[in-house]
1. Residue check, A:LEU210 against (1) modelled with pLDDT of 90 or more; (2) closer than 30 Å to B:ARG455 by Cα; (3) within 9 Å of chain B (Cβ to nearest Cβ), all met but one. Which one?
2. With (1) in a helix (DSSP H, G or I); (2) facing chain A (nearest Cβ under 7 Å); (3) under 15 Å from A:ASP428 (Cα atoms) as the list, and B:PHE501 as the residue in question, which single condition is left unmet?
3. From the residues in the range B:293-322 that are outside any helix (DSSP H, G or I) and modelled with pLDDT of 75 or more, which one is least open to solvent (accessible area, probe 1.4 Å)?
4. Restricting to the range A:68-93, count the residues that are facing another protein chain (nearest Cβ under 7 Å) and of a type in the set (Val, Ile, Thr).
5. Give all pairs with beta carbons closer than 7 Å in which a residue from the range A:69-91 that is in contact (Cβ under 8 Å) with a residue 40 or more places away in the chain meets a residue that is basic (Lys, Arg) and part of a helix (DSSP H, G or I); count only pairs at least 6 apart in sequence or on separate chains.
6. Please indicate, with yes or no, whether at least one residue in the range A:193-203 is at the interface with chain B (Cβ under 7 Å from one of its Cβ atoms) and closer than 18 Å to B:LEU28 by Cα.
7. Does the range A:322-332 include one or more residues that are more than 7 Å from chain B (Cβ to nearest Cβ), at pLDDT 80 or above and in a helix (DSSP H, G or I)?
8. Filter the range B:478-489 down to residues that are farther than 14 Å from A:ASP435 by Cβ and at the interface with another protein chain (Cβ under 7 Å from one of its Cβ atoms) and give me whichever is most open to solvent (accessible area, probe 1.4 Å).
Amino acid sequence: MSRAVNGRLKEAIASLCRVLSGLGINPETFRQAKFNRPEATAEFWKLLYGLLKKVCGARTSDLNDENIDAQIRFVKSVLWYYGYGILDFYHLPYDGSQGSRELLLAFSWLLHTQHVLEKLLEANKIRVGDEISVCMCDTIKTVRCKSKEETALPFSQRGETDIRYLQWLNGKLRFCWRTLHTAKLEEVAVLHKIHLYTRGCHIDPNINHLSVTETDLLRQPENCNKLVKLLESENSRLKAYLEWKRVESVYWQWMESVLDCKLEEARSLQLQNSRNENNTLQIAEFCRGNVHTIGEVEKLNNNLVRLHDELEEIVSCKKVLWNEKVKAREKELLNMREFCATVMKIEQEVKKKTEDLKYHCTHIKTEMHGSYRLVFKDDKAGFTKSVNRQSSVDVIKATEVLSELRRKEVKLEKEFKKLQKECRKKLDEIAESMDGVICIPPIKKEIHIEKSGKGNLT
Amino acid sequence: MLPTDCAQRLLSILNRAQEDCTEQKKQLEEHLSISRTLIGKWKINVPGNPKQEASNENEHGDEPSPEECRDLELLNKALAKALRIRESILATGSKVQGDAKGIEKGVDKKPAPRNSAGHQKSTCKERTPKSITATSTSKTSEPIKKNSCYLLKAPYRTDPERKRTRGVATSRLPSKGSKSVGRGAVKASVPHKTQVSNSADKLDLEQGCNGPEVMDSPVVESVREDSKVTKKLLKGPEKNLDHPAEEGLAESQTTQRNSKENAMPPSHIFTLKEQGVTLRLPLSYRTAYVKNASLWEKSYIYQKNRAESAPGMQFIQRIQATFDSVMPAVSPAMLEEEVTCLTNGYTFMHQKLEAEQFVEEDTDVLSWEDEYSRLLTLEGLQNVVSHCLLKLQELLKAAEVHMKMDYGDCSKISTLADCAVFSEPKCRVVGSMTSPLLFYSSVQELKEMAALKLRMQVLHQQLAIQKVLASELLPLLDSEYVQPLFYRAIYTLLCEAGEQFPVLIRDDLSD
C-alpha cells in the first residue's frame with residue numbers, strides 16, 4: 001500500500017473513531033485487528049456491545065450486564081438477528097480472548113448494512129426543542145415491556161383474592177389515566193404559553209420561539225455552558241462523520257484486504273485439517289430465539305387461509321349469480337360493442353385497484369415516525385411562506401398528525417370493542433344457563449365516556 | 001375468590017399498568033414543574049459580571065483585608081437591623097409605599113447575582129464566607145429571608161450616577177411596559193465610576209438596575225458606558241435580532257469595557273408573559289446551535305444521497321458471498337418486517353371484504369356495471385390473498401429453519417415477550433438524521449394531539465389487559481354453578497371496561 005493511501009486510511013479510521021468517540025475505540029486497534037491480534041479483541045467486543053446497545057437500546061432495556069460473557073451473547077444475538085452469516089464469528093469464545101479480525105469484519109458489515117453510525121448519531125442527538133413523537137412506537141413499547149417483566153417478577157400476594165379487589169384496581173387504573181390526561185393537557189397549555197411569550201427570540205426563523213429547555217437556559221444561565229459543551233462535542237462528532245463520509249472508500253478497500261487475509265489463512269488452515277468440523281450453528285447458546293415471529297406467522301397463515309376460503313365461496317357464488325343475470329339481460333342489450341367497451345373499462349379500473357392493493361399488502365407503508373420539534377406558527381402568519389424552502393427541513397402540520405392519530409384511534413377502538421363484544425357474547429350464553437337469575441345488561445352508551453371526556457378541548 | 005395463580009397474573013398486569021401510569025405522571029410532573037416555573041416569576045441575573053467584578057478586585061489589588069471583612073460583617077448586622085426597623089415603619093405607613101416596594105425588590109434581587117457565584121474564582125467568596133452561606137439559603141426562599149439579603153458584598157463601591165437613577169426607578173412600579181423599560185435602560189447605562197462607601201446607597205442602586213435588565217439580554221450585555229451602545233439598546237430587541245453578528249461585536253466590546261469598571265450584577269423579577277419577547281439566547285449557545293443545525297443538515301444530505309453504489313458495496317458483496325450456507329436466507333429482522341407488512345395487508349383486505357359485504361346488504365338493486373365491477377374486485381382480492389399466502393409459505397419455511405437452529409429451546413420459554421430480544425417494534429425513523437418540525441397553529445391542536453396520543457396509549461393498555469382478563473376469567477365461568485356476584489363482576493370487567501354494571505334479577509318462581 002502506498003504511503004498516500006496509508007495516510008488517507010489513517011485519516012479515515014481516525015475520523016471513524018471520532019464519530020464513535022465515547023465507545024472507547026482507538027485507531028490502532030483496527031490495525032491490530034487486521035492481523036487478528038488477540039489484544040484488540042476486548043476493545044472490539046466492547047465497541048460492538050456499546051454501539052449495539054445504544055442503537056437497539058430502546059428494544060433491549062433490560063440489558064445492563066457488565067459481564068463479558070453476557071455482552072458477547074448480546075452482540076452475537078444482534079448480528080444473528082440482522083442476518084450476519086459467518087459461522088466463525090458465532091464460534092468465537094465467550095471469554096473474549098480471540099478473534100479480533102472476525103470482529104472487525106462483523107463491525108464493518110454492520111457499519112455498512114445497518115447504518116449504525118447514523119443511528120448512533122441520531123440516538124445521541126442533543127434535543128433542545130420541545131419534541132413530540134408522532135408515532136406510537138414508544139407507548140407500545142411500554143405495554144410490551146410490562147408483559148415482559150410480568151413473568152420475571154412474581155407477585156407475592158398472600159391469601160385469596162376477591163374479584164372485587166380486581167375491580168377496585170381496575171378503577172384505580174382508570175382514575176390514574178384520567179389524572180394523567182389532565183396533567184398532559186396542562187403541560188401543553190403551559191408549553192404553548194412559553195412558545196407564545198417568547199416569539200421572536202429564536203435565531204432560527206423557522207422556529208422563531210424558544211423551547212422549554214432554551215427558556216430554562218435563560219433562567220438558569222449556569223446550565224448554559226454545560227449545554228454548549230454538549231452541543232460542541234456533538235458538532236465535532238458530526239464533523240468527523242462528514243469527514244468519514246468523504247474518505248470512507250479507502251476504508252472499504254482496506255477492509256477487502258482484511259477479508260483477503262482471512263480467506264488466505266482459512267485456506268491454509270483447511271489444508272492442514274482436511275475438514276472444518278465446526279459448521280453447525282447452535283444459536284440457542286446466545287439467542288433466545290424467535291418463537292414470537294413463528295407464532296405470528298402461523299396465526300397470520302391461518303387468518304389468510306380463512307380469508308381465502310371465504311373469498312372463494314363468495315366469488316363462486318357471485319359468479320353463478322352474475323352469469324344468470326347476464327343471460328337474462330342478453331336480449332336487452334342492443335349494442336354488443338358498447339357492452340364490451342364498458343366491460344373493458346370496468347376491468348381496467350378494477351385491475352388498477354387490485355394492483356394498488358397488492359402493493360399495499362407487500363410494502364410497508366411510510367407512516368410518520370419519530371420525534372418532531374413542536375413549533376407554534378400562527379395561521380395568520382401564513383406559515384407555508386415563512387418556511388425556509390431551500391433548507392432540507394422536514395415539516396409537517398399538526399392537522400396531518402391529528403388525522404393520522406384519529407384514524408389509528410378509531411382502529412384501536414374498534415379492536416377493543418370487538419374484544420368486548422366477543423366476551424359479551426360468551427357471557428350472555430352463560431347468563432342464559434344460569435338458573436333463576438335474569439341478567440339485564442347495562443344500557444348501551446351512545447358516546448364513549450372516555451372519549452367525550454377527552455374530546456372536550458375547548 | 002380467584003384461584004391463586006390466576007389472581008397473581010391478573011394483579012400483576014393491573015399493578016404493572018398502574019405503575020407505568022404513575023411513572024409517566026411523575027415524569028410529566030417533573031417536566032411540568034420546570035415549565036410552571038418558567039411561566040411564573042423568575043429572577044434574571046448576569047453571570048458575566050460577577051466574574052469581572054472578582055477579577056477586577058484582583059487586578060486592582062484592593063481586596064478587602066480580613067479586618068475589613070470583619071468590619072463588614074458588623075456593618076451588615078447593623079444594616080440588617082436598621083432595615084428591619086425601617087421596614088416595619090414602612091409597612092404601617094402607606095404613603096411611602098413606592099419606596100417599600102423598591103426595597104423589597106432590592107431584597108429579592110440580591111441573592112440572584114450570587115447564584116452565579118459558581119462561575120467565579122472569587123476571592124471575595126472565600127473571605128466573606130458568612131455572607132455567602134446566608135445568601136445561598138435565601139436563594140431558595142427569598143422573601144422570608146429578607147434580612148440576610150441585606151448583606152454587603154466585599155467591594156463596597158457605589159456610583160453616584162446610578163444613585164441618581166434611583167429617583168426614576170423608585171417612582172416607577174415594577175416595570176410594566178417596554179416603554180418604561182427602555183427609559184430605564186438609558187439611565188442605567190450612564191457611566192458610573194466614583195466610589196462611595198455608603199452602604200445604604202448601594203441598596204438603592206441595585207434597585208435602579210431593575211430597568212436595564214429587562215431590556216438587555218439577561219445573560220449577555222449588562223452595563224454599557226458607551227452612548228453608542230445605549231442607542232442601540234434603545235432601538236430594542238428587533239435590532240438585535242436582525243443583526244446578531246453586530247450585536248456579538250458590540251458585546252465583545254462591552255465585555256472589554258466592562259472589565260475596566262466595577263459593575264454591579266443587576267437582576268430583577270421577570271415574567272415571561274410580559275418580558276418574554278426581550279429574551280435573547282446567550283451568544284455561546286447561539287453559535288453552537290447554528291453550527292449544529294448546519295452540520296446536521298449536511299449529514300442529512302449525505303444520507304439522502306446514499307446510493308446503492310456507495311463505497312463499500314464491493315466489500316459487502318464479497319463478505320456476503322462467504323456467508324455460510326447453513327444460515328437461513330431470511331434473517332429474523334427481515335422475517336419480522338415481512339410478517340408485519342403482511343399482517344397489515346391482511347387487516348386491510350379483511351376490512352375491504354367487510355366493506356364489500358356491507359354494501360351488498362345495503363342495496364339490493366345494483367346496475368350490472370356495478371355488480372360486475374364488484375365481482376372483479378372480489379376476484380382481485382382473492383388473487384392478492386393467494387399471492388400473500390405464497391409469500392407467507394416462504395416465510396414460514398425460513399421461520400422453521402430458525403426454529404431448528406434453536407434446537408427447539410425457545411418453545412420452553414413461556415411468554416413471547418420474554419423470549420424474543422427484539423419483540424418490540426422499532427421506530428423506523430431512527431437513523432434518518434433529520435431535524436423535523438411540527439407546526440401547530442393553536443393550543444387546541446396541541447391539546448387534541450396530547451389527548452389523542454394518551455387515548456391511544458390507554459387503548460393499547462386496555463387491549464393488553466382485556467386479553468389477559470378474558471383468557472383468565474372466562475374459564476372460571478365454565479363451572480357448574482356461577483355465583484351471580486362473580487358473574488356480574490366479570491361482566492363489568494370484560495364487557496364494560498369496569499364502567500357499568502349489568503343488573504341481575506333473582507327470578508325464583510318456585511318460591
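The values are calculated or read from the model by the stated rules, or taken from the named source; none is laboratory data. Everything numeric here is computed off the predicted structure, so don't read it as measured data. Because the Cβ atoms are built from the backbone with ideal geometry, glycine has one as well, and the counts that use them run over all protein chains shown. Remember, those area values only see protein heavy atoms, side chains included, never the ligands or the DNA or RNA. Shrake-Rupley method; radii C 1.70, N 1.55, O 1.52, S 1.80 Å.
1. Among (1) modelled with pLDDT of 90 or more; (2) closer than 30 Å to B:ARG455 by Cα; (3) within 9 Å of chain B (Cβ to nearest Cβ), the lone unmet condition for A:LEU210 is (1).
2. The one condition B:PHE501 does not meet is (1).
3. B:GLY312
4. So the count comes out to 1.
5. A:TYR90/A:LYS76
6. Yes: one or more hits.
7. Checked the range A:322-332: at least one residue is more than 7 Å from chain B (Cβ to nearest Cβ), at pLDDT 80 or above and in a helix (DSSP H, G or I).
8. Going through the qualifying residues, I end up with B:PHE486.
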